[in-house]
Amino acid sequence: MNIKIISRNVGFALLVSALFMFLSVLVSMANGNDSALTALLISFIITFIVGIFPFIFVRRSSGITLRDGFMIIVLSWLLSFIFGMLPYILWGGPFTVANAWFESVSGYTTTGATILENVEALPDSLLFWRSSTHFIGGLGVVVFLLLIIPNSSPVRLRLTNMELSSLSREGYSTRTNKIVRMFAAVYLTLNAAAFFAYWAAGMTPFEAVNHAFSVCASGGFSTRTQSIASFGSRPIEAVSMLFMLLTSLHFGMLYLVFATRSLKPLKNPVLKFYLLSLLLFTLVLTCLLRADGCTQSWGESLWTGAFQIISTASTTGFSLSDNADWPVTAGIVMMFAGLMCGCAGSTSGGVKADRVLTFLKSVRLRVLRTVHPSSVTEVRFGDHIVREEELSAQMLYLTLYCLLISLSVFISLLLGVDSLNSFAASVMSLGNVGPALGPLGNMGSFCSISDGAKFLYTMDMFCGRIEIYPILAVLTMLFSRKVK
């Protein structure tokens, strides 16, 4: 491994965090030097010095390898988590080391779960920093890195594959550099549009910025404990649903719709499957909420059901009501939506609708080959034929995903988490959804669980955000070095 290349690129990732810490310092000054000023200023200085150090003392080196790329990905995220928890620890309050770690990881991975029981108690500058971790994590720490890695580097495409998922580019043939810039352009445009939409709907500019950062990153951090429900505004809820849906769609598809001024890209079979799934989940949840008396009318049930399903499937985690009061069956529906989640090439987490559709088509393929052994059958996505090795890779990922959930549930039970939330919290953490059920639900927090359980769920968040393989690759590299 090339330590020089790794240190310089990881240093750049830390400088991105330092930039937003500095912006948070400015927010504090604008608010009359609030209580988080010292914590943010010290955090900025430490993070900036560590981030700039490799650029001063380490010579520029070329020839990045795939092994370097894997290490850059994992270290960039981990060190961002560590330095991102500094403002919380230095500010104090409810932020023990375990709580600060949980909030930092949840922010950067855009999970949106929190340990805070009173969000409004935080000063505005710390709220801004909290939302900024969503903004950074939504675009992806590694996407920032890809913007500075030379176009001629043979490893650039492989790094793009790991960050954006190979599924996200099927049917969108374009050069690697354009993929990265297209992803960044769509993300920044959505953030700007969400800000103005929230502002027009009635939020203050400060709240609009924070919620734009959250909704476009599919995060879920809010400036209020009761999330979107606290505003009591249908326009704000409608804006939230619109942008939660948009940011859970393939960014390449959104780019093509705008660039070509045509709706033809919307004929994508994955999009149709995803939207039909959302509709089915919404109708089932609507009926369950109305039958149990959780809402006063069918209209309210439909609105609440649609909002919560879109919020869960997009892995945003905003809420209109407390799911701790819902029937268990409604919670199960939410967990199924949290398993599938949005489309590849978006900011959402989960296994992705693309993989779920691939799985269903694979099952159908096997059944047809069993019934008609001599027939020629294949898995298609529009005009694209999915090769057998691609099918095997996606099935392997789904298997690893299910194994991680099972392992997380088992460890959760050992750590004292009740059986229902062991499963719900594991699914929602690995899917980067955020809220689970009961006391860990929409209006609750993860403050009451043990430090061990908090660390476990942050590891789930990390694995879900970078889609497992880079972590396994780095562990394999480290283990092979020890064996030698």
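The values are calculated or read from the model by the stated rules, or taken from the named source; none is laboratory data. Predicted, not measured: the structure shown is a model, and the values here were computed from it. For neighbour counting, all protein chains shown are included, and Cβ atoms are generated from backbone atoms with ideal geometry for every residue, glycine included. Each accessible area value is taken on the protein alone, full model and side chains, heavy atoms only, with ligands, DNA and RNA left out. Shrake-Rupley method; radii C 1.70, N 1.55, O 1.52, S 1.80 Å.
Values computed for the structure shown
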| read-out | value |
| --- | --- |
| Residue tally, condition open to solvent by less than 20 Å² (accessible area, probe 1.4 Å) and more than 18 Å from the chain's Cα centre (by Cα), over the stretch 447-458 | 1 |
| Filter result for the condition that a residue is out of contact with any Phe, Trp or Tyr (no Cβ under 7 Å at 6 or more places or on another chain) and without any contact (Cβ under 8 Å) to a residue 12 or more places away in the chain, over Leu391, Leu456, Leu475 | Leu475 |
| Single match in Ala436, Ala425 (criterion: under 18 Å from Leu339 (Cα atoms), surrounded by 19 or more Cβ atoms within 10 Å (Cβ to Cβ) and at pLDDT below 90) | Ala436 |
| Check on Ile149, at pLDDT below 90, in contact with a Gly (Cβ under 8 Å, 6 or more places away or on another chain) and of a type in the set (Val, Ile, Thr) | no |
| Residues satisfying the stated conditions in the stretch 251-279, i.e. assigned to a helix (DSSP H, G or I) and either polar (S, T, N, Q) or open to solvent by less than 20 Å² (accessible area, probe 1.4 Å) (or both) | Phe251, Gly252, Met253, Thr260, Val270, Leu271, Tyr274, Ser277, Leu278 |
| Positions within the stretch 20-46 being open to solvent by 50 Å² or more (accessible area, probe 1.4 Å), more than 15 Å from Phe81 (Cα to Cα) and part of a helix (DSSP H, G or I), in sequence order | Phe22, Leu23, Leu26, Met29, Ala30, Thr38, Leu41, Ile42, Ile45 |
| Residue match in the stretch 404-411 (condition: within 21 Å of Asn99 (Cβ to Cβ) and assigned to a helix (DSSP H, G or I)) | yes |
| Breaking point among (1) open to solvent by 10 Å² or more (accessible area, probe 1.4 Å); (2) among the polar types (S, T, N, Q); (3) in contact with a His (Cβ under 7 Å, 6 or more places away or on another chain), for Thr110 | (1) |
| Residue match in the stretch 459-482 (condition: assigned to a loop (DSSP other than H, G, I, E, B), basic (Lys, Arg) and open to solvent by 10 Å² or more (accessible area, probe 1.4 Å)) | no |
